[in-house]
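The values are calculated or read from the model by the stated rules, or taken from the named source; none is laboratory data. Remember, predicted model here, so these are calculated numbers, not experimental data. Protein only, heavy atoms only, side chains kept; ligands, DNA and RNA dropped before computing areas. Shrake-Rupley method; radii C 1.70, N 1.55, O 1.52, S 1.80 Å.
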Amino acid sequence: RRAAARTRDPSENRRLSPRARRPRRHKCPLCQFMEDSPCAEVFGEWEACLNAVDAEFSDDDERQARFVERCAEPTLLLKQCVEKYPDHFGDMFGA
């Protein structure tokens, strides 16, 4: 049985990053591809790191610096996973 969808209070938007405030109509095709791939779990960890940095920092330069600092390990793990499955990823990522 599905839980009822929670309606977001507009005042909550102030706590979200600009990217998170945008209505999500469709999932990014690349994100969907990654979620359907053998690297779905690693991608999820990488995306969670990205989203955490996005939510914490509003300044673009600060956000980019913190992403490099905090998400280096998940980024390298994702790269290693993509390279492990060249048949799935083909030339998309140079795997």
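Give the accessible area for Asp36 in Å² (nearest 10); use a 1.4 Å probe, count only protein heavy atoms, and leave out ligands, DNA and RNA.
My reading of the accessible area for Asp36 is about 110 Å².
Along segment 59-72, what does the Karplus equation 6.51 cos²θ - 1.76 cosθ + 1.60 (θ = phi - 60°) give for ³J(HN,Hα), rounded to whole Hz, x for Gly and Pro?
Running phi through 6.51 cos²θ - 1.76 cosθ + 1.60 with θ = phi - 60° gives 6, 4, 5, 5, 4, 5, 5, 5, 4, 4, 5, 8, 10, 4 Hz.
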